[in-house]
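The next block holds one structure in the form of structure tokens; read it before the comments.
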Amino acid sequence: HSSQDELSRIPVNANLEYAYLKYRPDFFAGVYRQSGVYAILNIFDYSLNNLLYNPYFRLISRNSAGIYGGVDYPLHRYGAIQIGYEQGREERIYRQTTPEERRQPDVFDNYQAMTFSYRFDNVAYSIFGPLDGHSVYLGYSVPLRMTATERELYVLTSEYRYYHLFD
């Protein structure tokens, strides 16, 4: 039991992905592992005592691991639709920052999800990063629950990026 606790304290963040790009649809698959301690700042109390001694609202020790895969189908030169599947496990342990704080229940959830998305990207890139153009991403993730004990989280994601190259 103690060796498992020691392994969970080692922060490991890794993502390994393979993509097969020979034909028009692009297939991809990957595996990931993330762990670490995260702090959520308390934005409701700006007293000097709180800022100096207790600036955090929650401290979270988070471990997650999983696999994912899918297919990315180009519609035209800059746009593509994507369907993906993800399966994994997430463990979040909430640590109390003060004794009077209400205890939040820890989370130990398995999850499965299907993601459907559309991406438009006409950004010109260089070895230094994006130069000029804009990118739009719209995605919707639906949980697949085989039992009532799995996580139920619907995710709607939208992202817009604009890059302008100054002379």
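Observations, loosely collected:
- Of all residues in the stretch 63-111 being open to solvent by less than 30 Å² (accessible area, probe 1.4 Å) and of a type in the set (A, V, I, L, M, F, W, C), the one that is modelled with the highest pLDDT: 80
- Among the residues listed as 19, 39, the single one being within 28 Å of residue 83 (Cβ to Cβ), among the aliphatic types (A, V, I, L, M) and modelled with pLDDT of 70 or more: 19
- Of the numbered criteria (1) assigned to a strand (DSSP E or B); (2) under 25 Å from residue 70 (Cα atoms); (3) open to solvent by 60 Å² or more (accessible area, probe 1.4 Å), the one residue 146 fails is (1).
- All of (1) open to solvent by less than 40 Å² (accessible area, probe 1.4 Å); (2) in a strand (DSSP E or B) hold for residue 138 with one exception: (1).
The values are calculated or read from the model by the stated rules, or taken from the named source; none is laboratory data. What you see is a predicted model; the values in this text were computed from it and never measured. Note that we place each Cβ from the backbone using ideal geometry, even for glycine, and neighbour counts take in every protein chain shown. Accessible surface is based on the protein model in full, side chains and every heavy atom, while ligands, DNA and RNA are left aside. Shrake-Rupley method; radii C 1.70, N 1.55, O 1.52, S 1.80 Å.
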